[in-house]
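The values are calculated or read from the model by the stated rules, or taken from the named source; none is laboratory data. Source: prediction; values computed, not measured. Neighbour counts run over all protein chains shown; Cβ positions are idealised from the backbone, glycine included.
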Amino acid sequence: MVSNSAGRIVILTGAGISAESGLQTFRADDGLWCGHRVEDVATPEAFERDPETVQDFYNMRRRQLRDVHPNAAHEALAKLAAYWDGEVVLVTQNVDDLHQRAVAAVVPKDTYQFYNMHGELKSVRCVESDDVFPWEEDITPESANPISGKAGTLRPHIVWFGEMPFFMDEIEDALNRCDLFLSIGTSGNVYPAAGFVQRLRYLGRAHTVELNLEPSNGTGYFHEAIHGKATEIVPQYVARILSGEII
Ligand code: APR
């Protein structure tokens, strides 16, 4: 049964939702971030100092996307985008394209919105013109801006540490009118995303739920926490939403 209530749902996802598709999460027990020090590959300073290492890191991650597929958790959220009568706003910190691919397989409602707040691997940005272009291949020193033809000006369209995430105004608006907030597969280490649940608790309007393998850093802020694998707990929770049980 599809609910007719027009509840507004905001979903925040992180690396944990793509883990079972074969993409590594970031924070490992050895303190490394994807096997690197953050300062070496994910800051504007690193790019200035050693562009080749930074480009190689994102080239490798872009190539990985050819071998992975959306999993049952991405598909369940796509189903929500297709069947939920109210607003569904999907905000992801992930730079893979697995949400986009899952949603491309359904017909989302007009009320579905998607924001990849940390950018995307499959886009590049020209550091001179700020133009953004779709991009599937490696970025090399010969790669040129498709409009100007100038080489050596492209960088990954990724928000690095110290840079401002994208779509913050749109996300803020969505949080202000949200009835149900789901935080899926994120450790709650990185702001501003880690602060969304605190903002919602302050507003006092939305029911907030954490769906994660283990308690996140912010687990105490949520009304409800369900711990398990995303491919199991997300489809189950989405089924409950679509049956009208939650809102
Ligand atoms: N199902 C559900 N959750 C999982 C699964 C799984 N199969 N596997 C791992 N997780 C959980 C982990 O327990 C962890 O809490 O996903 C979370 C992943 O946390 P991080 O690696 O810190 O990733 P994320 O929260 O997305 O990082 C946020 O920080 O590194 C930067 O810009 C990067 O977007 C990233 C941001």
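What to note about this one:
- Of the set (1) of a type outside the set (A, V, I, L, M); (2) under 17 Å from Val10 (Cα atoms); (3) touching a Pro at 6+ places or on another chain (Cβ under 7 Å), all apply to Cys178 but (3).
- Test: residue in the range 210-217 that is farther than 30 Å from Phe57 by Cα, within 12 Å of the ligand (Cβ to nearest atom) and crowded, with 21+ Cβ neighbours inside 10 Å: yes
- Unique residue being surrounded by fewer than 18 Cβ atoms within 10 Å (Cβ to Cβ), aromatic (Phe, Trp, Tyr) and under 26 Å from Asn212 (Cβ atoms) when the list is Phe166, Phe133: Phe166
- Checking Ala73, Ala42, Ala78 one by one, the residue that is buried (at least 17 other Cβ atoms within 10 Å of the Cβ), away from the ligand (no atom under 12 Å from the Cβ) and either among the hydrophobic types (A, V, I, L, M, F, W, C) or free of Cβ contacts under 8 Å to residues at least 12 places away in the same chain (or both) is Ala78 and no other.
- Flag for Glu48 being modelled with pLDDT of 95 or more, acidic (Asp, Glu) and farther than 24 Å from Glu136 by Cβ: yes
- For Val10: the one exception among (1) assigned to a helix (DSSP H, G or I); (2) under 22 Å from the mean Cα position of the chain (by Cα): (1)
- When each of Thr140, Thr186, Thr208 is tested for being hydroxyl-bearing (Ser, Thr, Tyr), outside any loop (DSSP other than H, G, I, E, B) and modelled with pLDDT of 95 or more, the lone residue that passes is Thr208.
- One residue alone among Gln113, Gln100 is without any contact (Cβ under 8 Å) to a residue 24 or more places away in the chain, more than 12 Å from the ligand (Cβ to nearest atom), within 28 Å of Glu172 (Cβ to Cβ) and of a type in the set (S, T, N, Q), and that residue is Gln100.
- Whether a residue is crowded, with 22+ Cβ neighbours inside 10 Å, touching a residue at least 12 places away in the same chain (Cβ under 8 Å) and more than 10 Å from the ligand (Cβ to nearest atom) was assessed, and Phe222 passes this test.
- Number of the exception - Glu163 against (1) more than 16 Å from the ligand (Cβ to nearest atom); (2) of a type in the set (D, E, K, R); (3) under 18 Å from the mean Cα position of the chain (by Cα); (4) assigned to a loop (DSSP other than H, G, I, E, B): (1)
- Some residue of the range 23-31 being buried (at least 17 other Cβ atoms within 10 Å of the Cβ), outside any loop (DSSP other than H, G, I, E, B) and not charged (D, E, K, R): no
- Some residue of the range 136-150 being under 20 Å from the mean Cα position of the chain (by Cα), at negative phi and surrounded by 14 or more Cβ atoms within 10 Å (Cβ to Cβ): no
- Filtered residues of the range 225-247 (kept if exposed (fewer than 14 other Cβ atoms within 10 Å of the Cβ), away from the ligand (no atom under 15 Å from the Cβ) and either part of a loop (DSSP other than H, G, I, E, B) or acidic (Asp, Glu) (or both)): Ser243, Gly244, Glu245
- Of residues in the range 171-206 being away from the ligand (no atom under 16 Å from the Cβ) and touching a residue at least 60 places away in the same chain (Cβ under 8 Å), the one farthest from Ala73 (Cα to Cα): Arg177
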